[in-house]
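J.: Take this structure first; my questions come after.
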Amino acid sequence: MIRIVLVDDQELVRAGLRLILSTHDDLVIVGEAADGRAGVDLAGRLGPDVVLMDIRMPVLDGIEATRRLAGVEGAPPVLALTTFGDDEVLWGVIEAGAAGFVLKDAPAAELVGAIRVTARGGSWFDPQVAARVLALVRGRRAGRPASSVAALTGRELEVLRLVASGANNVEIAGTLHLSERTVKGHVSAIFLKLGVRDRAGAIVRAYDAGIVPGR
């Protein structure tokens, strides 16, 4: 059972998400909040498997709420909710430590898939938005040193491709016939070489380098 804390200031949106998720036996909303501060508190008290976080909210927005959660050891991953007009703040929430993002008007199956991937330790970037966010990132990086993806070994590139596809460490270990401990070592080396702190940051670099499979 995947336990979810839903954070969104619009009751209508929460009601719609509640209805969609209630049709899946492996998903349950254990708490709801209408602002980021309440969402951080709720996540701390309930210990969900994933926090579904709106970005634009009163009191404390989704970016700062995500940053506060990311700074707590053992905190649940955050899956950001966004709209097509949120590119700038969307990149901000990824930098703050979100595991990924999904569009509010995405098909129900895509939303459910994103939640499952995030809850099991993977990351999800909605493909409709990812290209535009990466264009924003590339513009900011103009004139800066090239991505350090070239510093990765062949095995590390294989691991990064699987990370970017949403696979968690157990799944990567099974696919590459490695121990989970070895995969963890490769993932740590990837983070170090890419200069990122989490899987979402690594996936951004993978998109930027054009090595994301089938996306």
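The values are calculated or read from the model by the stated rules, or taken from the named source; none is laboratory data. Note that the structure is a prediction, hence the values are computed from the model and not measured. A quick note on method: Cβ atoms are made from the backbone with ideal geometry, for glycine too, and the neighbour counts reach across all protein chains shown. We work out accessible area using only protein heavy atoms, side chains counted, and drop any ligands, DNA or RNA first. Shrake-Rupley method; radii C 1.70, N 1.55, O 1.52, S 1.80 Å.
J.: Net charge around Gly16, counting only other residues with Cβ within less than 15 Å of its Cβ (Lys, Arg = +1; Asp, Glu = -1)?
T.: With Lys, Arg at +1 and Asp, Glu at -1, the net is -4.
J.: For the range 40-54, in order, what is each residue's ³J(HN,Hα) by Karplus, 6.51 cos²θ - 1.76 cosθ + 1.60 with θ = phi - 60°, in whole Hz (x at glycine and Pro)?
T.: Karplus values, whole Hz, x for Gly and Pro: 4, 5, 5, 4, x, 7, 9, x, x, 7, 7, 10, 8, 10, 5.
J.: May I pose another question? What does the C-alpha gyration tensor say about the overall shape of the range 5-133? Classify as rounded when a/c is under 1.5, otherwise prolate if a/b is larger than b/c, or oblate. Before the final figure, lay out each step's value.
T.: On the way: a/c = 1.23, a/b = 1.01, b/c = 1.22.
Rounded, because the longest to shortest axis ratio a/c is under 1.5.
J.: For the range 34-118, which GluC sites (Glu not before Pro) are in a loop by DSSP, counting at most 11 other Cβ atoms within 10 Å?
T.: Sites meeting the loop and neighbour criteria: Glu73.
J.: Next up: Using only Cα atoms and rounding to the nearest 10 degrees, what angle (0 to 90) does helix 127-140 make with the longest principal axis of the chain?
T.: So the inclination is approximately 60 degrees.
J.: Just the number please: accessible area per residue for the chain, 1.4 Å probe, all protein chains included, in Å².
T.: Numbers: 9790 Å² over 215 residues.
Ligands and nucleic acids excluded, the figure is 46 Å² per residue.
J.: In a shell of Cβ-Cβ distance under 14 Å around Asp26, excluding Asp26 itself, what net charge do Lys and Arg (+1) and Asp and Glu (-1) give?
T.: Local charge sum for Asp26: +1.
J.: Using a 1.4 Å probe over the heavy atoms of the protein chains, calculate the carbon and sulfur portion of the accessible area of the range 1-66 as a whole percent.
T.: 55
J.: Calculated from the structure, Rg/Rh (Cα atoms, Kirkwood Rh) equals which of [x] 1.02; [y] 0.96; [z] 1.05?
T.: [y]
J.: Give a quick list of chymotrypsin sites (Phe, Trp or Tyr not before Pro) in the range 13-111 that DSSP marks as loop, anything other than H, G, I, E or B, with at most 16 other Cβ atoms within 10 Å.
T.: Here the chymotrypsin sites (Phe, Trp or Tyr not before Pro) that fit, given the DSSP loop and packing criteria, are Phe84.
J.: Cβ under 15 Å from Val187's Cβ, Val187 left aside: what net charge do those residues give with Lys, Arg +1 and Asp, Glu -1?
T.: Net of charged neighbours comes to +4.
J.: Then there is this: Taking Cα atoms, how many degrees apart are the long axis of helix 199-209 and the longest axis of the chain, rounded to 10 and kept between 0 and 90?
T.: 50
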